[in-house]
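Each remark here refers to the structure printed beneath this line.
The values are calculated or read from the model by the stated rules, or taken from the named source; none is laboratory data. Values in this document were obtained by computation on a predicted structure and should not be read as measured data. Here the Cβ is made from the backbone with ideal geometry for all residues, glycine too, and neighbour counts use every protein chain on show. Each accessible area value is taken on the protein alone, full model and side chains, heavy atoms only, with ligands, DNA and RNA left out. Shrake-Rupley method; radii C 1.70, N 1.55, O 1.52, S 1.80 Å.
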Amino acid sequence: MAILSSKAIVISTIKYSDTSLIVRLYTKEVGLVSFLLKGVLKSKKGKLRTAYFQPLNQLSIIFSYQEKRNLQLLKEAQVIHVYETIYTSITKQSIVLFLSEVLSSAIQEEETNTLLYEYLEHSLIWLDSHEQISNFHLLFLLNLTKFLGFYPDVSQSNKNGFHLSEGFFTDNLQIKEVIKGNEINQFKKLLGINFDKLNDIKMSQKSRRELISHLMVYYQHHLDGFKTPKSIHILNEVFS
């Protein structure tokens, strides 16, 4: 058993008994780790507070780690980036809830991926510090596929459709699961850009809903067991 310290992002929190929580954190040092926090819901003192484990909170943690153990022991945690707007904006809260569900379903491997960690860290800080965020979740999901291993093949991006199950562009628009029409133009605008370019993309509510739906299908094709988050309906309502 080793005592480790790491940055960590809260992926999910599940109530376990009346007094305890099971939390899944994505750590920079060892990847995805689950912890049982005994008594945290009734404790007024101690080094662990329930409020620390809000969705996608960024923490600094100290924990004991034993390989192949399902639930590790969290010794200390503190918030290292206090969000200024995420928990006061209904729009941003809806985005964070949705993305935490996506990540909970998409990140299953318990292995270190420093680039993925840094992408999550920087993306969330960007979301917290900007106001024009209506297309943020679309670009977040698209760029996340780079780190999960199924970013679109853009070698023939001049074609008029994108084949969701195969992950490449095509001119065969008769196949069932293909992005086409106005949505393909919006999809192409998201390719290869960073968050600072989002303001350049004007998108209708309909296109935004269609694209998020397509991206969920794309994820389902390329990640075993991926489930579309239930909170997608809340997200769509917020942007309607």
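These residues, 109, 121, go from largest to smallest accessible area, 1.4 Å probe, as 109, 121. Compute the FRET efficiency between residue 126 and residue 175 as 1/(1 + (r/R0)^6), taking r as their Cβ-Cβ distance and R0 = 30 Å, and round to the nearest 0.05. Calculated transfer efficiency: 0.30. In the full protein context, region 111-240 carries 51 Å² of accessible surface per residue, based on a 1.4 Å probe and ignoring ligands, DNA and RNA.
For residue 197, a cut-off of 17 angstrom between C-alpha atoms picks up these lysines, skipping any fewer than 8 places away in its own chain: 188, 189. Against the longest alpha carbon principal axis of the chain, how many degrees, from 0 to 90 and to the nearest 10, is the axis of helix 136-148 turned? It is inclined by approximately 80 degrees. Separation of region 119-142 from region 164-234 is 16 Å, based on Cα centroids.
Set the bar at 22 Å for Cα to Cα. Now go through 15/42; 15/47; 176/202 and name every pair that lies beyond it.
176/202
Using alpha carbons only, how many degrees (0 to 90, rounded to 10) separate the axis of helix 205-222 from the longest principal axis of the chain? It is inclined by approximately 70 degrees.
Loop-located chymotrypsin sites (Phe, Trp or Tyr not before Pro) across region 134-210 with a Cβ neighbour count of 10 or fewer within 10 Å are lacking, with loop assigned by DSSP. Between the residues 13, 95, 214, the greatest Cα displacement towards the positive end of the dipole of the chain, with unit charges on the Cβ of Lys, Arg, Asp and Glu, is found for 13. Expressed as a whole percent, the accessible area of region 28-149 that falls on carbon and sulfur atoms is 48 (1.4 Å probe).
Quick one: if the Förster radius is 35 Å, what FRET efficiency do residue 159 and residue 233 give, using the C-beta to C-beta distance and rounding to 0.05? Calculated value: 0.65. By the rule of a C-alpha distance below 19 Å, with chain neighbours fewer than 8 residues away ignored, the aspartates and glutamates paired with residue 180 are 153, 166, 171, 210.
Projecting the Cα positions of 225, 65, 236 onto the charge dipole of the chain (unit charges on Cβ atoms of Lys, Arg, Asp and Glu, taken about the Cα centre) puts 65 furthest along the positive direction.
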